[in-house]
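**Q** Take a look at this one; I'll ask things after.
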Amino acid sequence: MALGAGLEIYEHHGESMSFRDPARPAPEFKKVPEHIAIVMDGNGRWANQRGLSRIEGHKAGEQALLEVVSGALEIGVKAVSAFAFSTENWKRDPEEVKFLMGFNRDVLRRRREQLIDWNVKVVWSGSEKKLWKSVINELKLSEQMTAKLDAMTLNMCVNYGGRGELVQASKAIAQRVMAGELNPEKITERTLQAEMYQPSLPDVDLFIRSSGEQRISNFLPWQSSYAEMVFSPTLWPDFTRETLWQTVAEFQSRDRRFGSAKDSPAQG
Ligand code: IPE
Ligand code: IPE
Ligand code: MG
């Protein structure tokens, strides 16, 4: 069913996921961020607090991602970048890494139809290095199948690292210089932007991290240089569309100056 068609319920393992649920109306926002980046953090703590293993936390995080995508769609966000696996996450226990690889592949497969129904275009940001072939294949298939959809872009950041992205961009630029195609004097911010994994995405307006941690952890440093940061105490599996809307309300209250300034001395 097409976007905007009203209440749509999706069943998944007995869970339901609704889009535009009349019982959960979105607030009116005057300023909606065009691009939201989310560090989906706190799955392990959520599970351990319940006496469960970290893996159960990751499983519970799937619903939160779909919640946030639908909540973002509803208020007119154009792009969401979701940090699903970092290039530093290979340091984790091999069992957890193995689970996360299979899980990312399976989520993409199992949620594809739902995202297509919502008119969401899926793109991938990340490195192929060490990444399971089956995950790469699933990411590429999602990209192909949703290439023409345009309600929103979901940028799945899998095996993503911001410094690594800048390194691969530098390599590509150096090669163009070596080949005599590019004069180093002509390198601008646009030249670098064009070598990012997803060059057509706008800069990040709102950068959210769940779970109370207040750090970037190598997520979209180039794209987020003027993003508004919102650190939510909510652990990722508990994150809902309402939690997202609260962060958007916070974003709306911020004064974004981008280096400019306005003189307005208080009267009296
Ligand atoms: C985020 O949750 C998910 C991934 C990094 C894949 P964590 O697994 O980092 O959960 P915490 O931070 O240990 O609670
Ligand atoms: C960032 O979270 C990566 C993802 C959410 C995928 P981490 O939990 O890996 O980050 P640190 O180690 O706490 O900085
Ligand atoms: Mg974490």
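**Q** Amide H to amide H under 5 Å from residue 211: which residues, 5+ apart in sequence or cross-chain, H placed 1.01 Å off N in plane?
**A** 232, 234, 235, 236
**Q** Also, I was wondering about something else. May I ask you to derive the FRET efficiency for residue 88 and residue 266 from their Cβ-Cβ distance with R0 = 41 Å, giving the value to the nearest 0.05?
**A** 0.30
**Q** What is the gain in length, in nm to one decimal, between residue 106 and residue 249 on full extension, counting 0.36 nm per residue of separation less the C-alpha to C-alpha distance?
**A** Full extension of this stretch gives 48.2 nm more.
**Q** Turning to a different aspect of this structure: Would you report the distance distribution of C-alpha pairs in the chain as whole percents per 10 angstrom bin, up to the bin with the largest distance?
**A** Going out from 0 Å in 10 Å bins, the chain shows 6, 28, 36, 21, 8, 2, 0 percent.
**Q** Which values of log₁₀ I(q)/I(0), to two decimal places, follow from the Debye formula for segment 31-104 at q = 0.19, 0.23 Å⁻¹ with a uniform point scatterer at every Cα?
**A** -0.84, -1.06
**Q** Then there's this: Once amide H atoms are placed 1.01 Å from N in the peptide plane, what residues at a sequence separation of 5 or more from residue 81, or on another chain, have their amide H within under 5 Å of its amide H?
**A** HN-HN under 5 Å from residue 81: 36, 37, 38, 155.
**Q** Using a cut-off of under 19 Å, list every residue of segment 76-119 whose amide N is near the label point 7 Å from the Cα of residue 128 along the Cα-to-beta-carbon line.
**A** The answer is 87, 105.
**Q** At 0.36 nm per residue, minus the direct Cα-Cα distance, what do residue 229 and residue 185 gain on full extension? Give it in nm, one decimal, please.
**A** Taking residue 229 through residue 185 to full extension adds about 12.5 nm, to one decimal.
**Q** Please work out whether segment 83-164 counts as rounded, prolate or oblate from its C-alpha gyration tensor, where a ≥ b ≥ c are the square roots of the eigenvalues and a/c under 1.5 means rounded, while otherwise a/b larger than b/c means prolate and anything else oblate?
**A** prolate
**Q** Now, a different point. So, in nm, how far is label residue 119 from label residue 215 when the simple model puts each one 7 Å beyond its Cα toward the Cβ?
**A** 4.1
**Q** Ok, one more. Kindly write out, for segment 56-73 in residue order, the coupling ³J(HN,Hα) from the Karplus curve 6.51 cos²θ - 1.76 cosθ + 1.60 (θ = phi - 60°), rounded to whole Hz, with x marking Gly and Pro.
**A** 5, x, 5, 4, 5, x, 4, 4, 5, 5, 5, 4, 5, 4, 5, x, 6, 4
**Q** If the limit is 26 Å between Cα atoms, which of 186/262; 140/171; 98/129; 129/171; 78/171 go over it?
**A** 186/262; 78/171
**Q** Here's a follow-up. Scan the chain and hand back the longest stretch that contains none of the GluC sites (Glu not before Pro) lying in DSSP loops with at most 15 other Cβ atoms within 10 Å.
**A** Longest run free of exposed loop sites: 214-268.
**Q** Write out the trypsin sites (Lys or Arg not before Pro) in segment 148-207 meeting two conditions: DSSP loop, and at most 13 other Cβ atoms within 10 Å of their Cβ.
**A** 148
Bear in mind these aren't lab numbers, they're just calculated from the coordinates by the rules spelled out. Computed from a predicted model, the values in this text were never measured in an experiment. Don't worry about glycine lacking a Cβ; one is built from the backbone with ideal geometry, like all the others, and counts go over all protein chains shown.
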